[in-house]
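Below you'll find the structure, written out as structure tokens, and then a few comments.
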Amino acid sequence: MQESGEMYLEAVLVLSLQKSLVRSIDVAEYLGYSKPSVSRAIGILRQGGFLSVSDGGALSLTETGKNIADKIYQRHVVLTEFLVKLGVDRQTASRDACKIEHHISDASFEAVKKLSDNL
């Protein structure tokens, strides 16, 4: 899964925690992307079995998509809190966590998580 796909899945997860119905336009607004770009990505993710789209346009994560989204979202939350504990302001920490969450190895993430729990 590429970083962009992870970002879309995470966006659908976050939006689904905020509202009962998530549509492509919501994802576009949340990520600041154009509607055509989001539509193309949603189509690719749907074909890959990561999400489904109802006849009314509602987006739902499949089990596989939800597993990926949960993993990325957990990384975002943990990395943000870790950076805040180190003295980084929350906005910068969140922005930096978004960059790191897609590239950090599982082993490194677990080490950061363990260290963060002890701070």
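Results, tabulated for the structure shown:
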| quantity | calculated |
| --- | --- |
| Residue match in segment 55-67 (condition: charged (D, E, K, R) and buried (at least 16 other Cβ atoms within 10 Å of the Cβ)) | yes |
| Meets criteria (in contact with a helix residue (DSSP H, G or I) (Cβ under 7 Å, 6 or more places away or on another chain) and more than 28 Å from K19 (Cβ to Cβ)) for S108 | no |
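One line per residue, one yes/no per condition, for (1) in contact with a Pro (Cβ under 6 Å, 6 or more places away or on another chain); (2) open to solvent by 40 Å² or more (accessible area, probe 1.4 Å); (3) among the small types (G, A, S):
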residue	(1), (2), (3)
R90	no, yes, no
E101	no, no, no
I104	no, no, no
A111	no, yes, yes
N118	no, yes, no
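Okay, residues lined up against (1) open to solvent by 80 Å² or more (accessible area, probe 1.4 Å); (2) more than 17 Å from H102 (Cβ to Cβ):
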position: S20; (1), (2): yes, yes
position: K35; (1), (2): yes, yes
position: I42; (1), (2): no, yes
position: H76; (1), (2): no, no
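The values are calculated or read from the model by the stated rules, or taken from the named source; none is laboratory data. If you're wondering where the values come from, they're calculated on a predicted model, not measured in any experiment. When we count neighbours, we look across all protein chains shown, and the Cβ atoms used for this are built from the backbone with ideal geometry, even at glycine. Accessible surface areas use protein heavy atoms only, side chains included; no ligands, DNA or RNA. Shrake-Rupley method; radii C 1.70, N 1.55, O 1.52, S 1.80 Å.
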